[in-house]
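Read the structure below first, then the notes.
The values are calculated or read from the model by the stated rules, or taken from the named source; none is laboratory data. Treat the numbers as computed from the prediction; the structure is a model and nothing was measured. Please note: Cβ atoms are built from the backbone with ideal geometry, for glycine as well, and neighbour counts cover all protein chains shown.
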Amino acid sequence: MAGLGLGLGLIVAIGAQNAHVLRYGLRRERVGLVVAICAVSDLVLIAVGAAGVGTVIAASRTLTVVMTLLGAAVLVAYGAAAARRAVRGDGALVVEGEAGGVTAVTAVAATTLALTWLNPHVYLDTVVLLGSLAAGQGDGRWWFAAGAGVGSVLWFTALGYGAALLRPVFARPVAWRVLDAVIAVVMVAIAAGLVMDLVGA
């Protein structure tokens, strides 16, 4: 229960993964794929953290710098794409049966993997933080990790499939412009925060 509570507490905050899952959930496009990639990735990273790898990552300044800069670049690129959609207004809902309206599986998978595995915040939350707290549980660390993993699976599933309830609101193109503008600001803000933390470290 401690792992579940902390896992949900960390993952529910607005971030790159959540914004991405929300967007595809609203579009009802490749939802299962996006949810599966995010959830399985979290399970792997939590397990890696519980095994003690987080301590190694945190101790390497070079690895931390490379991961942070690469992650910031990915977030800025995703934010720029969202800003472009907000300006052009081309992020509206996909009409079922519309030719060419659905993003290719490979493109969706690649973007989801990049926002997950190239995002330093994911490593900080799962591998480093959850891993460290799991280590403090002694013999119960794998139960703690399991609880955190269940939290990730529940959250991504609820966000991806529950987003469809908001479709009436996002039937209007202006709502998508606002969402994409918010996503763009969040992505760039996270990237800037990562770089500033790196410079101040």
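Scan segment 44-52 and tell me whether some residue there is closer than 17 Å to Gly147 by Cβ and either at pLDDT below 80 or over 18 Å from the mean Cα position of the chain (by Cα) (or both).
yes
Only one of Ala164, Ala181, Ala148, Ala192 is of a type in the set (A, V, I, L, M) and within 28 Å of Ala47 (Cα to Cα). Can you tell me which?
The conditions single out Ala148.
Just wondering, is there one or more residues in segment 172-182 that are out of contact with any strand residue (DSSP E or B) (no Cβ under 9 Å at 6 or more places or on another chain) and closer than 24 Å to Val48 by Cα? Looking through segment 172-182, none of the residues is out of contact with any strand residue (DSSP E or B) (no Cβ under 9 Å at 6 or more places or on another chain) and closer than 24 Å to Val48 by Cα. Yes or no: segment 111-122 includes at least one residue that is of a type in the set (A, V, I, L, M), surrounded by fewer than 17 Cβ atoms within 10 Å (Cβ to Cβ) and part of a helix (DSSP H, G or I). Looking for residues that are of a type in the set (A, V, I, L, M), surrounded by fewer than 17 Cβ atoms within 10 Å (Cβ to Cβ) and part of a helix (DSSP H, G or I), one finds at least one in segment 111-122, hence yes. Looking across segment 148-165, just one residue is surrounded by fewer than 15 Cβ atoms within 10 Å (Cβ to Cβ) and under 15 Å from the mean Cα position of the chain (by Cα), and that is Ala158.
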